[in-house]
Structure formats: C-alpha cells, structure tokens
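Heads up: the structure comes next, in structure tokens.
The values are calculated or read from the model by the stated rules, or taken from the named source; none is laboratory data. Note that the coordinates shown come from a computational prediction; the quantities given were computed from them, not determined experimentally. All Cβ positions, even for glycine, are placed from backbone atoms using ideal geometry, and neighbour counts span all protein chains on display. Accessible surface is based on the protein model in full, side chains and every heavy atom, while ligands, DNA and RNA are left aside. Shrake-Rupley method; radii C 1.70, N 1.55, O 1.52, S 1.80 Å.
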Amino acid sequence: MKFRTLFFIHSALVTIHYSSAAAEQDQRATDGSASPTPNVIVIMADDLGYGDVGCYGAKPENIKTPHIDQLATEGLQFTSGYCSASTCTPTRYALLTGTHAFRVKGSGIAGPNSPALIKPDVVTMPDLLQKAGYKTAVIGKWHLGLGDKQPDWNGDLKPGPLEIGFDYSFLLPTTNDRVPQVYVENHRVLNLDPKDPLWVGHKKPSPDHKTGISHRDELKMDWSHGHNSTIHNGISRIGFYTGGHAARFRDEDLADKWVEKSEAWIKQNKDNPFFLFFASHDLHVPRIPHERFQGKSRTGYRGDAIVQLDWCVGEIVRILKEQGLEKNTMIVFCSDNGSVLDDGYKDDAVEKLHDHQPAGPYAGGKYKIQEGGTRTPFITYWPGTINPGVSEQIVCTIDLATSLATHLGVAIPEDACLDSLDVMPALLGQEGAKGRSNLIQQDNGNGGTLGTFGYRSGKWKLQRKNASDRKTKMANEDPAKMKHTLYDLDADPAEKNNVAKQNPEVFARLKAELQKQLDDGRTRH
Ligand code: NG6
Ligand code: CA
C-alpha cells in the first residue's frame, strides 16, 4: 500500500512536469539528444520467428518484408532480442506487468472465457506511462482475459485494458482461432444487437449446432488438430458461440481494422505524448490474410500473413511521417513467441515452406525453451536518436516497462515490475551500453516455478526440463530430479551438443543462478 501511495504522489509530480514538456512536441529531439518524452509504439507480431523476415535471413523469393527491413536499416536490429515466453499470453502478461508470468498462477494460454489475468491493482507499463502524461492505447489482439470471473459478453467487459492503464482499447478479445469473432471497443462488444445476444461456452449449445466435425466438408480452411468447434467465416474454432451476428468480423479484415483504428487514434492524440500497443494478429492461425495479400509469397498463407504484417509496419511509419511525428516516436518491433508451422489448420505452411527457415539458425519454436521459442526479430527505430546498426546486446520485451519508466523519470514501486530491467541505453544503441547479462526463457509456464525453462547467460544456454512425477502426477520439486543440459550458443546455436560435462563450473553456476532467480521471486533489485 505504502509504495502505491508514494507512487501516485510521485507520479502526479511527474505528470505536472511532463505536461509542459508535452507542449513542446515539435521541438523535441531536434538537437540529437534522446527526447525525454518520445511517443512509443510497440508493434508486437504474433508467432513471428527469428528467420521470418528479410533482415533476419528470409529470402525474397520466399517472403518479402521491405518495410520491416527498412525499420532495421534505419534503426537498431537486435540479434539477441527476446520475448519472455514461447506462447502468447505469458509474453503479453510480462510485457505489460514487467513480471515473469510463471510467477503468477493461471497466466498460461488464456481460453475464450478467461477472466482478466492482470488485476487492476497491478502496476503496469501503461500505468507508468500515464503517470508521465502519456495517452495510452492497445489496438489488436488481447488474449489476456476480460472480466472479473469471466467476460460478460453482453454487458460491460471489465476489468480489462481500461482498468490497467489504457485510455483506449480496440480488441480482438482472445486469439482468432478461439471464439468469438467480434471486436471489443473499450468495455463493449462493437455493434452488438441486444436482440441477438452473444453466448460463448465450451460445450456444444444444441445438437444441431454446426461444428468443424459435423460440417467439415463446408469449411474454407480445414483443421488439423483441435479447432473443430463453432464455424464462423468458413473456419472452425476453439470453443463455441451463438448470437452476436451483427458484431462478427471477417478474418480477412483484421489487419486493415488495426491500421484504421491506429491512424484515427494517433491523429487524435498527436499533440501529447502517446503510447500505442499495436498487437497484430499476424501470423497466428487461422492465417487468413486479406484477399489483396493472398498469394503474395510463395510460402502460402503463412508467408502472406507476414507480408500483411509488413504492410502494417509500413502503414504505421507512413502515419507517423504524415503527422510529422517520426523524429519523435520510438518504435519497438517484436514478437510474442517464436515460429510454428502447423498450429491447427491445414494452411500449407509445411507443404509450401520451400527452403524458408522460420527460426533462422535456431532450434525449437513456439511452446519450446530452445532459442527458437523466444529469440525473435527485435528492432528499435527512432530516426535522429537511435543510430542505425546491429546490436548483440540481450534485451527482452519484459524490459520495456522499466526501461521506459526510467527514461521518463517515473518511479516504479518496489513491488512492481519484478523482472523488468532498465536496458534503455542498449535499446537506444548508446555507445558501450550493455543489455542483460542473463535471461530466463519460459515455455507456456504451466509448471510455475517448478516448470521447464531456458536460461541464457552470455554465450551459454542452460535447459532445465521438469516432468511430473509418475506416481504423484505432481511436478518434481527436487531440482536434482530435473534434467539439466548446457549449450555453447556461439559454437552450437541449435543446442544440439550438451557440453555440461566439459564445463562443470559454468553448468553449476547457471543452475544455481536460475534456481535463485526462481526462488527469489524477482530479478529486479
Ligand atoms: C494452443 C492451440 C494453438 C494456439 C495456441 C495459442 C490447439 C491444439 N492448439 O492450445 O492452436 O491457439 O494454443 O497460441 O488447440 S498463442 O500464440 O496465442 O499462445
Ligand atoms: Ca503467439
């Protein structure tokens, strides 16, 4: 309590200080020094792997990403940029709270009727930015739950983003392979007709309800595993729903909608510092890009969805330029987890892969603790402030909260942002700036602190695999029963050769460091 009170007093002072700075928007950063109050746009791709874009090795004959490549050419491209987990919900949880999701029960992949996972009393990155006078918005995929016990789809969907620091939200509430296919603007389902209420559940609502099993031959994209419940737009999903017909969207239109809403919001807020979390759904399944992008890569809809994502990045830069904001806005481009090919639909991702390497030189991908699970494209861009180049520093999406708050002079309560470190100098590419010395890599995190983890420290990579005890069905509590292995990422980026025996001291040190970070309950001190 004490920290929260102090936090608000301090924040009020910071707000007064920065509202005058806000009036100087146009003059900021003209002398080449980092503006104290840049606009911040976090563009988070969904399931984008390390090798999925041109500047990280994708060949143009497979997938072209000119706009993302340009961001990298004019900005700073990280070779050790990470998200904190290899699935969506925990990475997003950690991005917004600055705390590893495995420390918080129930923060794994959220289901269609998940309640809000970030509780209103948790201090978040948008809270901290609001305290610095920022207007804040999230536009795109949420997948962090809505409502107290479960979403009230026909009423007020709260708590949600507006209760944790966002001034505006325009959401795909879950993830688009899960029901329902409706937009949620602030607290309400957009265009919902009260005469046609929306029902969402996990059981078939009536015997004649069409599903991906009963009407498989009518589907425009077949499923490969799971994803065989309610059908909408010719695609069967995870979960069931009825009603809300006037509110339903077409999958093909999502990217256009995110850009349209972002453009309107940026124009409305351009006279004060703003923070936009642009949460693209590309290239998560079902991969249904707009008709104008279909066939634009030779790697099928998976590649086409990356082309669509690239278009969105170009649009954001266009909007900034048109509004005269590009020199005063920091863009962070990142992903929420690594790559996956077949994630539940038969969209030819495997068949049309050609020689494309979604995870680049790394092993694993989505759901995994190998590098391919969390090491992803990561670019910072701020013309005139960030010197273009390539950085080998280790940075993670979880660090944005503390990095930005520190840059803005906002105090972070001691009991908040427990794992978010200030790596702002590294994000800005300042000379000699260091990123992290180590990083925990989470999978979906169902095991909590008894789970399976990757742990990177310098060039070394520790893998710790924990399975449930066969008799008790509980996760092993004894670290001695967990399987640990060690890899030298410089020599072996694909984590093939366990070198624990050859490096006993490093192995022991990394095991102890990881265990301590799990036991301590925090890594920001
Ligand atoms: C899995 C789904 C997968 C995807 C993932 C979440 C099945 C068989 N698999 O449970 O398709 O939805 O959850 O992806 O249903 S994420 O990127 O949002 O974390
Ligand atoms: Ca994802």
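Check off (1) surrounded by fewer than 23 Cβ atoms within 10 Å (Cβ to Cβ); (2) under 15 Å from Ile63 (Cβ atoms); (3) without any contact (Cβ under 8 Å) to a residue 40 or more places away in the chain for Gly300 and give me the number that stays unchecked.
Gly300 satisfies all of (1) surrounded by fewer than 23 Cβ atoms within 10 Å (Cβ to Cβ); (2) under 15 Å from Ile63 (Cβ atoms); (3) without any contact (Cβ under 8 Å) to a residue 40 or more places away in the chain except (3).
Please go through the stretch 474-483 and pick out each residue that is under 19 Å from Gln370 (Cα atoms) and open to solvent by 30 Å² or more (accessible area, probe 1.4 Å).
Lys483, the sole residue that qualifies.
What number of residues within the stretch 76-112 are within 15 Å of ligand 1 (Cβ to nearest atom), touching a residue at least 60 places away in the same chain (Cβ under 8 Å) and part of a loop (DSSP other than H, G, I, E, B)?
Residues meeting the conditions: 10.
State whether one or more residues within the stretch 456-468 are among the basic types (Lys, Arg) and either open to solvent by 30 Å² or more (accessible area, probe 1.4 Å) or in a loop (DSSP other than H, G, I, E, B) (or both).
Yes, the conditions are met somewhere in the stretch 456-468.
Out of curiosity, is Asp336 touching a His at 6+ places or on another chain (Cβ under 9 Å), at pLDDT 95 or above and crowded, with 24+ Cβ neighbours inside 10 Å?
yes
Tell me, which residue of the stretch 324-347 that is within 11 Å of ligand 2 (Cβ to nearest atom) and in a loop (DSSP other than H, G, I, E, B) is farthest from Asp69 (Cα to Cα)?
Asp343
Restricting attention to the stretch 371-401, and to residues there that are surrounded by fewer than 24 Cβ atoms within 10 Å (Cβ to Cβ) and assigned to a loop (DSSP other than H, G, I, E, B), which single residue is nearest to ligand 1 (Cβ to nearest atom)?
Ile386
Could you list, in sequence order, the residues of the stretch 74-117 that are out of contact with any Gly (no Cβ under 6 Å at 6 or more places or on another chain), away from ligand 2 (no atom under 16 Å from the Cβ) and open to solvent by 10 Å² or more (accessible area, probe 1.4 Å)?
If the condition is that a residue be out of contact with any Gly (no Cβ under 6 Å at 6 or more places or on another chain), away from ligand 2 (no atom under 16 Å from the Cβ) and open to solvent by 10 Å² or more (accessible area, probe 1.4 Å), then Glu74, Gln77, Thr79, Thr99, Arg103, Val104, Lys105, Gly106, Asn113 are the ones that fit.
Taking the stretch 271-311, which residues are part of a helix (DSSP H, G or I), touching a Ser or Thr at 6+ places or on another chain (Cβ under 6 Å) and away from ligand 1 (no atom under 16 Å from the Cβ)?
Listed by number, the residues that qualify are Gly303, Asp304, Val307, Asp310.
Being aliphatic (A, V, I, L, M), in contact (Cβ under 8 Å) with a residue 12 or more places away in the chain and open to solvent by 10 Å² or more (accessible area, probe 1.4 Å) narrows it down to one residue among Ala349, Ala363, Ala305, Ala279; which is it?
One residue alone meets the criteria, Ala363.
Return the residues of the stretch 53-75 that are more than 19 Å from Ser280 (Cα to Cα) and in a loop (DSSP other than H, G, I, E, B); say none if nothing qualifies.
Gly57, Ala58, Lys59, Pro60, Glu61, Asn62, Gly75
List pairs: first residue in the stretch 233-256 and more than 15 Å from Lys141 (Cα to Cα) and in a strand (DSSP E or B), second residue away from ligand 2 (no atom under 16 Å from the Cβ) and open to solvent by 50 Å² or more (accessible area, probe 1.4 Å) anywhere in the structure, Cβ distance under 7 angstrom, at least six positions apart or on different chains.
So the pair list comes out as Ile235/Lys220; Phe240/His202; Phe240/Lys203; Phe240/Lys204; Phe240/Pro205; Tyr241/Trp199; Thr242/Trp199; Thr242/Pro205.
Filter the stretch 328-370 for residues that are away from ligand 1 (no atom under 16 Å from the Cβ) and either aliphatic (A, V, I, L, M) or more than 23 Å from Pro60 (Cβ to Cβ) (or both) and give the result.
Result: Asn328, Thr329, Met330, Ile331, Val332, Leu353, Ala363, Gln370.
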